[in-house]
Amino acid sequence: KEFGENIHFTEGISNSGTNFIQVTRKFVTKSFFEQLKDFKSFSIYIPNSIKKSKLSIKREYLRALYDDEGSAVLRLNKKTKEWKRNVTLCSNSIRLLNEVKFLLSTELKILSNKIIRNKTNNPKDQCYVLSITGKDNLSKFKKNIGFLHPIKMRKLNLIIDSYGATSRNTKDFEKLKRE
């Protein structure tokens, strides 16, 4: 819709198994390079057009980013029988994660944890992780951003449900463990 109807899309699967859609029209690629000068993973950031846009656009941007590079994680500590919950966003771009952290806190009042390096012992892996924890923050994330990816959406719903399913509440706890 953004570029008109005479755009041809090439769909495929990369060697790593990731689906992609490719557009080769010059005016389309030029438009993208007006947003970001460099698309290398360590160079990306939130474009000014997004930063200056209305909140609904910022939410859609964050949803797309989390659908692509984020994850919803619910795991059970076997020893303590406590749920461990978080939504994470991983990137090689520390700048991108700092900008997302700022946007989450200022625009959506979602607090996130300190950005950490994923594998500190591996000099080749420069991936950083931004994590959201806590029932209030995870509920705000679900309400304001969420996921469109069906598996991630289901996991986020299970994370929210897990707050009522403690090991003391045996029926709900066992049901959630099965799910």
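The values are calculated or read from the model by the stated rules, or taken from the named source; none is laboratory data. Nothing here was measured: the structure is a model prediction, and the numbers come from that model. We place every Cβ from the backbone using ideal geometry, glycine too, and count neighbours over all the protein chains shown. Keep in mind that these areas ignore ligands, DNA and RNA; they rest on the heavy atoms of the full protein, side chains included. Shrake-Rupley method; radii C 1.70, N 1.55, O 1.52, S 1.80 Å.
Worth a mention:
- Identity of the residue in the range 100-125, closer than 16 Å to T88 by Cα and part of a loop (DSSP other than H, G, I, E, B), that ends up farthest from the chain's Cα centre (by Cα): K119
- Residue in the range 79-95 that is more than 30 Å from L55 (Cα to Cα), open to solvent by 60 Å² or more (accessible area, probe 1.4 Å), touching a residue at least 60 places away in the same chain (Cβ under 8 Å) and out of contact with any strand residue (DSSP E or B) (no Cβ under 8 Å at 6 or more places or on another chain) present: yes
- Flag if I132 is more than 21 Å from P47 (Cα to Cα), surrounded by 15 or more Cβ atoms within 10 Å (Cβ to Cβ) and in contact with a helix residue (DSSP H, G or I) (Cβ under 8 Å, 6 or more places away or on another chain): yes
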